[in-house]
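The values are calculated or read from the model by the stated rules, or taken from the named source; none is laboratory data. Note that the structure is a prediction, hence the values are computed from the model and not measured. Note that each Cβ is placed from the backbone with ideal geometry, even for glycine, and that neighbours are counted across all protein chains shown. What goes into the accessible areas is simple: the full protein's heavy atoms, side chains included, and nothing from ligands, DNA or RNA. Shrake-Rupley method; radii C 1.70, N 1.55, O 1.52, S 1.80 Å.
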Amino acid sequence: MIFNSLDARLLGRLVMLVATLAGGGYAALHHAYGLALGALVLLLALVLDLARYLTRGQQALADFTLALQYRDFSRQYPVQSVPASLRPLHEAFNQVNATFRELRAAQEGQFQYLQTILALLDTGIVSYDAAGTVAWVNEAFKQTLHLPYLKNIRALQSRQPVLYEAICRAVPGQPAVVKLIVGLQTVQLLVSATQFKLRGEAFTLLAFKNVSQALADTETAAWQQLLRVMTHEIMNSVAPIASLADSLGRHVQRARQQETSDELLDDVGTGIRIIQQRSEGLLRFAQVYREFSTLTSPQRTTLYVRELLQATRQLLAEQLAAQGIEVTLSVRPAHLTLHADGHLLEQVLINLVLNAAQALVQNPNPRLSLQAWFDEQERVIIEVKDNGSGIPADVLDSIFIPFFTTRPNGSGIGLSLAKQIMQLHQGSIQVHSVAGAGSAFQLWFPPLATF
């Protein structure tokens, strides 16, 4: 129907144009110049009307395109007051504008929702571009550092040089703790960084978490645990030493009052030997603690994992053979390499193998496996697995605590030392154990430690 109306209007204009042209020609042939001039004026008017009629839709489309360019979706195009040929076009324009308005309202709602969430976080968040210009910062960040505003991240260089240096050194995925003095208070911030691109422009997103209280609580708990262990060890040695010293004192006093007998001298000699033994035990305890607390940074080299495991097996081969332990070794792929400190890792593996051998004492068919492989995240994993007695569930969480041991003659330092060595390599040590079925200790190394 609309197209029929459009055709009729266009056809009517063309008929009038042809009729006017024919009438003007006829008048000119018959020397009726007045009529011919009138026909010429009417012809011009009809041509202009036809041009305006034909370009009306194009003008409306150009106007709509210009509004889109300036993101102006508030305009309403009339539908009833325009010719029927333009009504579908105006209706489409209004529908597009309404859709864009709904999308913009939804986007603004989501943005406000995100802004509200970020404002409630107690973690400081700041985002800046490659030039250091801050694109967004939340209130928690400004309150943590006592900054009223932050336009460029380089402004921190004069206000908080230690923090600025930590930001410059920040590596995505590797959080770092920075100690700062803000006002009159010392705070420790956990700084995390990530990078992303938005519309082709690179941005850095930083998160700052005040962990002063958490670190203080952890440190206090660690000191309390350490003091409990040291107090236990010292009291176990000091109590018998004091008792023996008191007994020896009484013996000496008795010896002064009467002639010394061989039995009394034997008692004194025995007491002195016990005091010496307990003193040596205290000295060994102090030496082990000093070794644990002064562990240095690893000296990394390229290691072939198979050679590392073979060296460990060969070093302990005699002891393992004496217990009848069957040892298997598997490395996948065979050329698996690791960038780490070979001496420290060998110490970790020796401790794990000796622990496994201890767990296999009562096993009639003892088996021990040394394995290494790549996982799906390209991490190197080394595993020491046995089919021994396993670790009871109630002590599994305590085996990495310094000086904790379930063996009568154990120092409680091996697994703690292994954990610290793995942390120095930015890795971790995991344990899976079932009482009565065996244990598996796994050394996980990060992908950056491999070639």
**OP:** Determine, yes or no, whether residue 116 is open to solvent by less than 60 Å² (accessible area, probe 1.4 Å) and of a type in the set (S, T, N, Q).
**Re:** no
Original post:
Does at least one position in segment 84-106 carry a residue that is modelled with pLDDT under 80, over 48 Å from the mean Cα position of the chain (by Cα), assigned to a loop (DSSP other than H, G, I, E, B) and of a type in the set (Ser, Thr, Tyr)?
Top reply: yes
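Please find, within segment 319-341, the residue that is farthest from residue 383 (Cα to Cα) out of those that are open to solvent by 20 Å² or more (accessible area, probe 1.4 Å) and part of a helix (DSSP H, G or I).
Let us first name the residues in segment 319-341 that are open to solvent by 20 Å² or more (accessible area, probe 1.4 Å), namely 319, 321-324, 326-330, 332-335, 337, 339.
Retained after the next criterion (residues that are part of a helix (DSSP H, G or I)): 319, 321-322.
Numbers: 319: 20, 321: 20, 322: 23 Å.
Per the criteria, the residue is 322.
This table checks each residue for (1) at pLDDT below 70; (2) more than 30 Å from residue 102 (Cα to Cα); (3) open to solvent by 90 Å² or more (accessible area, probe 1.4 Å); (4) not in a helix (DSSP H, G or I).
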position: 22; (1), (2), (3), (4): no, yes, no, no
position: 35; (1), (2), (3), (4): no, yes, yes, no
position: 47; (1), (2), (3), (4): yes, yes, no, no
position: 52; (1), (2), (3), (4): yes, yes, yes, no
position: 57; (1), (2), (3), (4): yes, no, no, no
position: 63; (1), (2), (3), (4): no, no, no, no
position: 68; (1), (2), (3), (4): no, no, no, no
position: 73; (1), (2), (3), (4): no, no, no, yes
position: 79; (1), (2), (3), (4): no, no, no, yes
**OP:** May I ask you to list the residues in segment 154-167 that are surrounded by 15 or more Cβ atoms within 10 Å (Cβ to Cβ) and under 22 Å from the mean Cα position of the chain (by Cα)?
**Re:** 163, 164, 166, 167
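Taking the conditions exactly as written (in contact with a helix residue (DSSP H, G or I) (Cβ under 7 Å, 6 or more places away or on another chain) and in contact (Cβ under 8 Å) with a residue 24 or more places away in the chain), does residue 361 satisfy them or not?
It is false that residue 361 is in contact with a helix residue (DSSP H, G or I) (Cβ under 7 Å, 6 or more places away or on another chain) and in contact (Cβ under 8 Å) with a residue 24 or more places away in the chain.
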Original post:
From the set of residues in segment 122-139 that are free of Cβ contacts under 8 Å to residues at least 60 places away in the same chain, open to solvent by less than 40 Å² (accessible area, probe 1.4 Å) and of a type outside the set (S, T, N, Q), which is nearest to residue 210 (Cα to Cα)?
Top reply: 137
**OP:** Only residues that are outside any strand (DSSP E or B), open to solvent by 40 Å² or more (accessible area, probe 1.4 Å) and within 17 Å of residue 333 (Cα to Cα): list them for segment 369-398, please.
**Re:** 376, 377, 378, 379
